[in-house]
Amino acid sequence: MPSVEKDTQPQTSLRVAASGDLEVSTYLEIAREKRGEQAVPQAPPSEVREAVVVLDFGSQYSMLIARRVRECRVYCELVPHDAPPERVAALKPRGFILSGGPASIYEPGAPQIPSYVLESRLPVLGICYGMQALAHQLGGKVEPGSHREYGHALLHRSAQDSPLFAGLPTSFPVWMSHGDQVTTLPLGFKPLAHTDNSPVAVMGNEQGLIGLQFHPEVAHTPSGKDILQNFLYHICGCRGAWTPSNFIALELERIRGQVGTGQVICALSGGVDSSVVATLIHQAIGDQLTCVFVNNGLLRREEAERTLNVFQRNLRMNVLYVEATERFLAALAGVTDPEEKRRRIGGEFIRVFEAEAAKLGRVDFLAQGTLYPDVIESVSSVSKASAKIKTHHNVGGLPAHMTLTLIEPLRHLFKDEVRQVGLALGLPEEMVHRQPFPGPGLAIRIIGEVTKEKLELLRAADWIVMNEVKKANYYNQLWQSFAVLTPVRTVGVMGDFRTYGYAVAIRAVTSEDAMTADWAHLPYDLLGRISTRIVNEVPGINRVVYDITSKPPGTIEWE
Ligand code: XMP
């Protein structure tokens with residue numbers, strides 16, 4: 001393969017906040033924010049007995065810690081370090097992980113480990129700032145290092161044995177990022193490992209309180225996941241019960257209990273999240289679920305047919321197909337501003353969705369594909385900052401009169417987990433591993449006004465990009481790959497004739513979460529095939545360029 005760089009929920013009666021996007025459905029949160037409400041704290045499925053709590057002290061990697069713990073099949077939640085103790089207690093944790101953070105523990109006002117953690121007698125793993133806070137609060141000493149240690153380091157285990165290192169060699173590479181360091185251990189603690197620059201790179205005591213100066217959660221610490229797993233399994237006593245099939249079994253029961261004989265409506269986009277939500281709910285309550293698939297005319301080639309094929313024909317779900325191309329195109333006529341496009345598409349979607357819901361008569365619940373990263377209240381929420389760059393979630397004019405209870409079966413899951421659940425539910429691999437597609441669709445990949453003709457050009461070019469990328473086995477390695485139709489027209493020559501056509505840009509990026517992305521170093525011959533085919537097969541396009549901008553400073557979509 002080629003490689004490229006890469007319980008019961010409280011029922012919340014809400015206005016319907018539907019949008020064209022069910023891929024990354026934070027619109028609910030935005031709606032709450034608009035109304036000045038806090039995110040509704042939700043208990044996890046009550047049957048999950050093995051939970052670990054990650055306390056967030058503001059590290060940029062806090063969410064990553066939570067993901068890694070889930071990868072070890074242990075349920076965890078990321079909560080702010082100053083979250084109400086009863087909220088943490090409700091999770092019945094078997095242990096705590098303290099994240100890193102930007103503060104210095106010896107400075108006034110530095111965030112502290114809450115007393116309930118230290119009094120719990122449960123295992124605690126402090127990472128970086130978390131370790132320093134443990135040392136400081138338990139009577140040890142933390143001081144500024146002579147210089148910042150940043151990057152790779154070789155960790156040497158001490159003679160002390162610890163279940164934390166089960167299965168690991170005596171020395172292994174780790175990744176450091178700290179200015180302060182532990183200089184005096186608290187009473188009862190022993191040094192468990194050191195690096196050249198950190199005499200105490202790992203410390204621990206008999207009660208299962210452990211500190212790591214390095215970051216096990218980042219990919220640069222290759223044994224990091226083993227260390228986390230050792231902590232979870234050997235020190236907290238977890239067994240790894242958080243599996244897709246357990247989740248599905250719990251969730252089916254919960255949905256049945258919540259819905260009873262009620263009717264559920266769900267906007268189906270064909271994306272991973274809405275597909276998994278619809279399939280899960282359908283398995284729970286069958287025909288009490290109606291899905292609405294809106295063809296806004298801004299989809300990729302064959303997208304609508306493919307989605308209907310899976311859900312209507314194969315899975316035999318109630319899917320209302322709404323052909324609304326003309327409505328959306330009329331709403332977009334003359335619009336060039338990207339945010340205005342999003343606003344109009346979002347507004348139009350709500351009107352169409354509402355009209356369909358009204359035709360159904362009784363509807364009690366709205367199912368949404370909200371994911372855990374959308375509801376997480378993190379001290380260092382990067383996503384909050386990015387929302388100012390683009391409105392990803394089209395929350396134009398929510399209808400005030402429509403009140404439905406929300407069902408959000410994925411609100412405790414990360415995207416990777418959603419994919420695993422999708423596969424366990426029997427959804428086609430191709431659908432589960434589909435690259436994300438934005439709610440406003442091709443409208444934000446046509447720079448300037450969206451017209452039928454331009455949509456046809458872009459669809460044809462985009463089809464070629466997708467096919468060639470798939471043929472070359474790059475599709476699953478790329479976060480996204482697509483074509484953008486620029487408004488630039490350039491002169492070309494084909495045969496003996498002058499052409500004057502549009503320039504198309506190819507965008508292909510690798511990314512973990514779309515917050516940052518690298519332009520993909522696709523091989524020239526693949527780019528060459530894409531270019532030749534587009535220019536030959538799509539009349540009206542006579543030039544192809546490749547976008548080599550990463551994010552930041554660029555964004556993934558051009559608009
Ligand atoms: P940007 O362009 O901000 O995109 O780097 C990051 C990710 O979000 C997707 N995206 C959107 N998704 N509605 C969506 O549902 C939108 O308006 C929207 N804008 C961007 C984009 O495809 C990428 O995955």
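The values are calculated or read from the model by the stated rules, or taken from the named source; none is laboratory data. Just so it is clear, the structure is predicted and the values come from calculations on it, not from any experiment. Quick reminder, even Gly has a Cβ in these numbers, built from the backbone with ideal geometry, and neighbours come from all protein chains shown. Accessible surface is based on the protein model in full, side chains and every heavy atom, while ligands, DNA and RNA are left aside. Shrake-Rupley method; radii C 1.70, N 1.55, O 1.52, S 1.80 Å.
The requirement of being buried (at least 21 other Cβ atoms within 10 Å of the Cβ), among the aromatic types (Phe, Trp, Tyr) and at pLDDT 95 or above is fulfilled somewhere in region 52-61, by at least one residue. The set of residues from region 274-304 being under 27 Å from Glu456 (Cα atoms) and either in a helix (DSSP H, G or I) or open to solvent by 10 Å² or more (accessible area, probe 1.4 Å) (or both) comprises Ser274, Ser275, Val294, Asn295, Asn296, Leu299, Arg300, Arg301, Glu302, Glu303, Ala304.
Restricting attention to region 217-238, the residues being open to solvent by less than 60 Å² (accessible area, probe 1.4 Å), under 15 Å from His152 (Cβ atoms) and touching a strand residue (DSSP E or B) at 6+ places or on another chain (Cβ under 7 Å) number 3. What about Asp462, is it within 16 Å of the ligand (Cβ to nearest atom), of a type in the set (Asp, Glu), open to solvent by 20 Å² or more (accessible area, probe 1.4 Å) and not in a loop (DSSP other than H, G, I, E, B)? Here the answer is no, as Asp462 does not meet what is asked. Elements of the type helices (runs of 4 or more DSSP H) sitting completely within region 324-406 and holding at least 2 residues that are buried (at least 21 other Cβ atoms within 10 Å of the Cβ), of a type in the set (Lys, Arg) and at pLDDT 90 or above: these cover 338-359. Every listed requirement among (1) within 16 Å of the ligand (Cβ to nearest atom); (2) under 20 Å from Arg344 (Cα atoms); (3) buried (at least 19 other Cβ atoms within 10 Å of the Cβ) is met by Val418 save one, (2).
Looking only at residues in region 24-51 that are part of a loop (DSSP other than H, G, I, E, B), within 16 Å of the ligand (Cβ to nearest atom) and open to solvent by 10 Å² or more (accessible area, probe 1.4 Å), the one that is modelled with the highest pLDDT is Thr26. Scanning region 525-559 for residues that are buried (at least 19 other Cβ atoms within 10 Å of the Cβ), among the acidic types (Asp, Glu) and away from the ligand (no atom under 16 Å from the Cβ) returns no hits.
Taking every residue in region 148-168 that is of a type in the set (Asp, Glu) and pairing it with any residue that is surrounded by 12 or more Cβ atoms within 10 Å (Cβ to Cβ), at least 6 positions away or on another chain, the pairs with Cβ-Cβ distances below 7 Å are Glu149/Met176; Glu149/His178; Glu149/Asn197; Glu149/Ser198. If the condition is being among the β-branched types (Val, Ile, Thr) and assigned to a loop (DSSP other than H, G, I, E, B), then region 60-96 contributes only Val74. In region 183-200, the residues that are under 12 Å from Arg157 (Cβ atoms) and polar (S, T, N, Q) reach residues that are in a loop (DSSP other than H, G, I, E, B) and open to solvent by less than 60 Å² (accessible area, probe 1.4 Å) with C-beta atoms within less than 6 angstrom, at least six apart or across chains, in these pairs: Thr195/Ala201. Taken over region 423-446, residues that are in a loop (DSSP other than H, G, I, E, B) and more than 16 Å from the ligand (Cβ to nearest atom) amount to 4. Scanning region 501-515 for residues that are at pLDDT below 95 and surrounded by 15 or more Cβ atoms within 10 Å (Cβ to Cβ) yields Ser511, Asp513, Ala514, Met515.
Of the strands (runs of 3 or more DSSP E) lying entirely inside region 126-213, the ones with 3 or more residues being open to solvent by less than 20 Å² (accessible area, probe 1.4 Å) and on the phi < 0 side of the Ramachandran plot are found at 141-157, 171-184, 202-204, 209-212.
Of Arg507, Arg489, Arg445, all but one fail to be under 30 Å from Asp337 (Cα atoms) and in contact with a Gly (Cβ under 8 Å, 6 or more places away or on another chain); the exception is Arg489. For region 112-121, a residue qualifies if it is surrounded by fewer than 20 Cβ atoms within 10 Å (Cβ to Cβ) and not hydroxyl-bearing (Ser, Thr, Tyr), and the qualifying residues are Gln112, Pro114, Leu118, Glu119, Arg121.
Residues are listed down the side, and each one gets a yes or a no for (1) part of a loop (DSSP other than H, G, I, E, B); (2) within 12 Å of the ligand (Cβ to nearest atom); (3) more than 16 Å from Pro539 (Cα to Cα); (4) in contact with a Ser or Thr (Cβ under 7 Å, 6 or more places away or on another chain):
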| residue | (1), (2), (3), (4) |
| --- | --- |
| Asn476 | no, no, yes, no |
| Thr490 | no, no, no, no |
| Val493 | no, no, no, yes |
| Arg498 | no, no, no, no |
| Tyr502 | no, no, no, yes |
| Ile506 | no, no, yes, no |
| Glu512 | yes, yes, yes, no |
